[in-house]
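Trainee: Pasting in a structure now, in structure tokens, and then I'll have a few things to ask.
The values are calculated or read from the model by the stated rules, or taken from the named source; none is laboratory data. The shown structure was predicted, so the numbers you read here are calculated from the model rather than taken from an experiment. Don't worry about glycine lacking a Cβ; one is built from the backbone with ideal geometry, like all the others, and counts go over all protein chains shown. With ligands, DNA and RNA removed, areas are computed over all heavy atoms of the protein, side chains included. Shrake-Rupley method; radii C 1.70, N 1.55, O 1.52, S 1.80 Å.
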Amino acid sequence: MNQPINLEKILKNHKSGWVAVSKDYKEVVATGQTIKEVTDNLEKTGKEGVLVPAADNYQNFVT
Amino acid sequence: MNFPYVKLPGDTRGVLKPYIPIRYHYKGSFTKEFLTLIDSGADASHFTTQLADFFHIDWKRLPELKTFAANGEPFRRYVLDSSLVAEIGGHKLNIKPVNFSPDLAGAFPLILGQENFFDLCRITFERYKWNIDLKIR
């Protein structure tokens, strides 16, 4: 069985926009309200990251 | 290729979703990797208009159509009649048509759905072991 990537704790205080998380998914390395802003902010850090949507609710959707 | 499910904030136990990391390319420019929802219930792929803005696509001038949510409520989409490339684990897939919408929920700004995604690869949702098995055809 795989271990899921657990973003529960590191996303808890981010309710909108975007979060860049480190490639090992252990820490937030940049944030921004838009894709351009988070990309620019991530590039300023010089780190690699994966962009994740930040939301106040991820649950109980039918898409 | 195998991708683990992603655990996100939810009620007491959190919520697990099939998001996988994907880099998008359009006309020579490309994004960072995004966690993107793989949605077998979506007829087609939908992307936030922020992605169009990133690629300098004037989405307001694209043809406007409607998509319908599960409760029958319509929302706007703007259709780009050329391909966006989704790079997954080094493999590049042409996604077309591309639907940009300003109305997607914050948790799901990037959705890969049935048309021109599920027919390009075999996707097995192995939720019982928190795995998404994806094989390019």
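Trainee: For the range A:1-51, name all the residues that are under 10 Å from the mean Cα position of the chain (by Cα) and farther than 18 Å from B:Leu51 by Cβ.
Mentor: Listed by number, the residues that qualify are A:Leu7, A:Ile10, A:Leu11, A:His14, A:Val21, A:Ser22, A:Tyr25, A:Glu27, A:Val28, A:Val29.
Trainee: Oh, and also: Would a scan of the range B:52-62 turn up a residue that is part of a strand (DSSP E or B) and either among the charged types (D, E, K, R) or touching a residue at least 60 places away in the same chain (Cβ under 8 Å) (or both)?
Mentor: So in the range B:52-62, the residues part of a strand (DSSP E or B) come out as none.
Checking the range B:52-62: not a single residue is part of a strand (DSSP E or B) and either among the charged types (D, E, K, R) or touching a residue at least 60 places away in the same chain (Cβ under 8 Å) (or both).
Trainee: What residue, of B:Ile136, B:Ile111, B:Ile132, B:Ile88, is in contact with a Phe, Trp or Tyr (Cβ under 6 Å, 6 or more places away or on another chain), of a type in the set (Val, Ile, Thr) and under 30 Å from A:Met1 (Cα atoms)?
Mentor: None of the other options fit; the residue is B:Ile132.
Trainee: Which residue, of B:Phe108, B:Phe125, is within 14 Å of chain A (Cβ to nearest Cβ) and either of a type in the set (A, V, I, L, M) or outside any strand (DSSP E or B) (or both)?
Mentor: B:Phe108
Trainee: Out of all the residues in the range B:12-41, which are of a type in the set (Gly, Ala, Ser) and free of Cβ contacts under 8 Å to residues at least 24 places away in the same chain?
Mentor: The answer is B:Gly14, B:Gly28.
Trainee: Quick check: is even one residue across the range B:76-89 touching a Cys at 6+ places or on another chain (Cβ under 9 Å), open to solvent by less than 40 Å² (accessible area, probe 1.4 Å) and within 21 Å of B:His25 (Cα to Cα)?
Mentor: Initially, the range B:76-89 is screened for residues touching a Cys at 6+ places or on another chain (Cβ under 9 Å), giving B:88.
Still in the list and also open to solvent by less than 40 Å² (accessible area, probe 1.4 Å): B:88.
Then drop every residue that is not within 21 Å of B:His25 (Cα to Cα), which leaves B:88.
Yes - at least one qualifying residue is present in the range B:76-89.
Trainee: Within the range A:1-32, track down each residue that is more than 7 Å from every other protein chain (Cβ to nearest Cβ), of a type in the set (A, V, I, L, M) and within 15 Å of A:Ala55 (Cβ to Cβ).
Mentor: Answer for the range A:1-32, where residues must be more than 7 Å from every other protein chain (Cβ to nearest Cβ), of a type in the set (A, V, I, L, M) and within 15 Å of A:Ala55 (Cβ to Cβ): A:Ile10, A:Val19, A:Val21, A:Val28.
Trainee: Could you say which residue among A:Ser22, A:Ser16 is among the small types (Gly, Ala, Ser) and open to solvent by 30 Å² or more (accessible area, probe 1.4 Å)?
Mentor: The unique qualifying residue is A:Ser16.
Trainee: Which of the numbered conditions does B:Phe54 fail, given that it passes all the others? Conditions: (1) open to solvent by 30 Å² or more (accessible area, probe 1.4 Å); (2) touching a helix residue (DSSP H, G or I) at 6+ places or on another chain (Cβ under 7 Å); (3) more than 28 Å from A:Ile10 (Cβ to Cβ).
Mentor: The one condition B:Phe54 does not meet is (3).
Trainee: Mind checking whether some residue in the range A:41-51 is open to solvent by less than 30 Å² (accessible area, probe 1.4 Å), in a loop (DSSP other than H, G, I, E, B) and more than 8 Å from chain B (Cβ to nearest Cβ)?
Mentor: No; the residues of the range A:41-51 include none that is open to solvent by less than 30 Å² (accessible area, probe 1.4 Å), in a loop (DSSP other than H, G, I, E, B) and more than 8 Å from chain B (Cβ to nearest Cβ).
Trainee: For the range B:36-85, enumerate the residues that are closer than 14 Å to B:Tyr24 by Cα and of a type in the set (Ser, Thr, Tyr).
Mentor: Listed by number, the residues that qualify are B:Thr36, B:Ser45, B:Thr48, B:Thr49, B:Ser82, B:Ser83.
Trainee: Among the residues of the range B:26-48, are any surrounded by fewer than 19 Cβ atoms within 10 Å (Cβ to Cβ), farther than 18 Å from A:Ile35 by Cα, within 9 Å of chain A (Cβ to nearest Cβ) and not charged (D, E, K, R)?
Mentor: The answer is yes; a qualifying residue exists.
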